[in-house]
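S.K.: Handing you a structure now.
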Amino acid sequence: MPGAPPAPAPPSVLARSRALVRPALVDALGRLHPWTGEMAAYSLGWSDLSGTPDAGASEGKGLRQALAVLAAEACGAPGHSAVPGAVAVELVHAFSLLHDDIMDGDELRRRRPTVWKEYGTGPAVLAGDALLASAVQTLAEAPGGQAGAAVLRLSGTLADLVRGQSDDLLFADRPWTGTDSVGPGAYRSMAEHKTGSLLGCALALGALLGGAAGSTVASLDRAGRHLGVAFQAVDDLLGIWGDPAHTGKPVHGDLRQRKKTYPVLAALASTGPAARELLALLDAPCPPDGPTASRAAGLVETAGGRTATLAEARRHLDAARSCLHGLPLAPHAVREFQELLTYLAHRTV
């Protein structure tokens, strides 16, 4: 984001977890139909449209798989015990992105055309379904006697994801102000379900497959949910002020789409001329064009939306840290988790 301090280097746990989990992810995609497997590999940034490895494509951060591995290690188990859970959450994340891009009409993802733009809407839906089925199968086959409990937790997470996405879509039809507008509580609930539930599931599955006690699993799930709200808040900042060279999406994209993101909602909740002018721009008959979106971004900042969103992210990151207090966790893993939180708080991609 312009004016933000340089982001810290990615924590080593991201690369370490990717190397550990990648062979199992490859196996999972290898069991798909060749066509859906091709689309899945493209969506994950592994290949181009011809199936050739694409060195220039982004594979994302691998956050969810890292959380699963880290949770198992924090509970005293080897990282490989969490691999089925790590694969499952990565596949569910990929599935959700495929379907989200269709619902939101997004044409770019990580600086490349989205799957539905390249293959069509129907094939992209099918590829997402294939990823979801593979996630459940991978988890159901997990060794160690915890497969049933793991699948049950994943199924609850999927229900949460659908609930969060439903709220996010319904927000579009609600007014910007007034009794029916989207308030902070409704926004947090949406973000926890849409984003936080899968991050919580990643931590919970890692702990569960690592043999942790139920209380530890529950506390790590809560930590992930708080992390998800913080993650979504930072995502909202990037949706307005993020550098397209890093985000892979158009500048001011969320404002052009008039999405009800936290910075905008916080700005409108303030009083003063900036909030009133912003409301007028957002309520105009036509979506904001480039100059109008740029003006709107400036008004959001003037009205305090950016500052409020950063504060919201920090509150939930602190809450995530608090969830770890008193748990019987390995100190080195807790340190890596803290490093990961710091990285995510300052991410620019």
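S.K.: Given (1) at negative phi; (2) of a type outside the set (Asp, Glu); (3) surrounded by fewer than 24 Cβ atoms within 10 Å (Cβ to Cβ); (4) more than 18 Å from the chain's Cα centre (by Cα), identify the lone condition not met by residue 178.
M.R.: If we test residue 178 against (1) at negative phi; (2) of a type outside the set (Asp, Glu); (3) surrounded by fewer than 24 Cβ atoms within 10 Å (Cβ to Cβ); (4) more than 18 Å from the chain's Cα centre (by Cα), just (1) comes out false.
S.K.: Moving on. Scan the stretch 8-60 residue by residue and report those that are surrounded by 13 or more Cβ atoms within 10 Å (Cβ to Cβ), modelled with pLDDT under 90 and not in a loop (DSSP other than H, G, I, E, B).
M.R.: If the condition is that a residue be surrounded by 13 or more Cβ atoms within 10 Å (Cβ to Cβ), modelled with pLDDT under 90 and not in a loop (DSSP other than H, G, I, E, B), then no residue fits.
So that you can scan it fast, the table gives a plain yes or no per residue for (1) over 26 Å from residue 179 (Cα atoms); (2) modelled with pLDDT under 90; (3) surrounded by fewer than 18 Cβ atoms within 10 Å (Cβ to Cβ):
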{"site": "245", "(1), (2), (3)": "yes, yes, yes"}
{"site": "258", "(1), (2), (3)": "no, no, no"}
{"site": "262", "(1), (2), (3)": "no, no, no"}
{"site": "272", "(1), (2), (3)": "no, no, yes"}
{"site": "276", "(1), (2), (3)": "no, no, yes"}
{"site": "280", "(1), (2), (3)": "no, no, yes"}
{"site": "287", "(1), (2), (3)": "no, yes, yes"}
{"site": "294", "(1), (2), (3)": "yes, no, yes"}
{"site": "311", "(1), (2), (3)": "no, no, yes"}
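S.K.: In this structure, is residue 214 without any contact (Cβ under 8 Å) to a residue 12 or more places away in the chain, closer than 29 Å to residue 72 by Cβ and among the small types (Gly, Ala, Ser)?
M.R.: yes
S.K.: Being under 15 Å from the mean Cα position of the chain (by Cα), assigned to a helix (DSSP H, G or I) and at pLDDT below 95 narrows it down to one residue among 199, 203, 237; which is it?
M.R.: So the residue among 199, 203, 237 that is under 15 Å from the mean Cα position of the chain (by Cα), assigned to a helix (DSSP H, G or I) and at pLDDT below 95 is 237.
S.K.: If you don't mind, there's one more thing I want to ask. Can residue 209 be described as of a type outside the set (Ser, Thr, Tyr) and in contact with a His (Cβ under 7 Å, 6 or more places away or on another chain)?
M.R.: For residue 209, the condition - of a type outside the set (Ser, Thr, Tyr) and in contact with a His (Cβ under 7 Å, 6 or more places away or on another chain) - is not met.
S.K.: For the stretch 125-146, how many residues are in contact (Cβ under 8 Å) with a residue 40 or more places away in the chain and crowded, with 22+ Cβ neighbours inside 10 Å?
M.R.: So the count comes out to 8.
S.K.: Only one of 155, 166 is surrounded by fewer than 16 Cβ atoms within 10 Å (Cβ to Cβ), modelled with pLDDT of 95 or more and over 21 Å from residue 65 (Cβ atoms); which?
M.R.: Unique residue meeting the criteria: 166.
S.K.: For the stretch 336-349, give me each residue that is farther than 15 Å from residue 203 by Cα and in a helix (DSSP H, G or I).
M.R.: 339, 342, 343, 344, 345
S.K.: Kindly state which helices (runs of 4 or more DSSP H) lie completely within the stretch 246-292 and contain at least 1 residues that are among the hydroxyl-bearing types (Ser, Thr, Tyr) and touching a residue at least 12 places away in the same chain (Cβ under 8 Å).
M.R.: Ranges flagged: 262-268.
S.K.: Is it true that some residue in the stretch 112-126 is of a type outside the set (S, T, N, Q) and within 23 Å of residue 17 (Cα to Cα)?
M.R.: No.
Quick grid of which residues meet (1) more than 16 Å from residue 191 (Cβ to Cβ); (2) touching a helix residue (DSSP H, G or I) at 6+ places or on another chain (Cβ under 7 Å):
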| residue | (1), (2) |
| --- | --- |
| 221 | no, yes |
| 228 | no, yes |
| 233 | no, yes |
| 242 | yes, no |
| 268 | yes, yes |
| 280 | yes, no |
| 291 | yes, no |
| 311 | no, no |
| 320 | no, yes |
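S.K.: How do the helices (runs of 4 or more DSSP H) wholly within the stretch 63-165 filter down when requiring 2 or more residues that are over 24 Å from residue 42 (Cα atoms) and of a type in the set (A, V, I, L, M, F, W, C): which remain?
M.R.: The helices (runs of 4 or more DSSP H) meeting that bar are 63-74.
S.K.: From the residues in the stretch 303-335 that are in a helix (DSSP H, G or I) and touching a Ser or Thr at 6+ places or on another chain (Cβ under 9 Å), which one is nearest to residue 255 (Cα to Cα)?
M.R.: 305
The values are calculated or read from the model by the stated rules, or taken from the named source; none is laboratory data. Since this is a predicted model, take the numbers as computed values, not measurements. Here the Cβ is made from the backbone with ideal geometry for all residues, glycine too, and neighbour counts use every protein chain on show.
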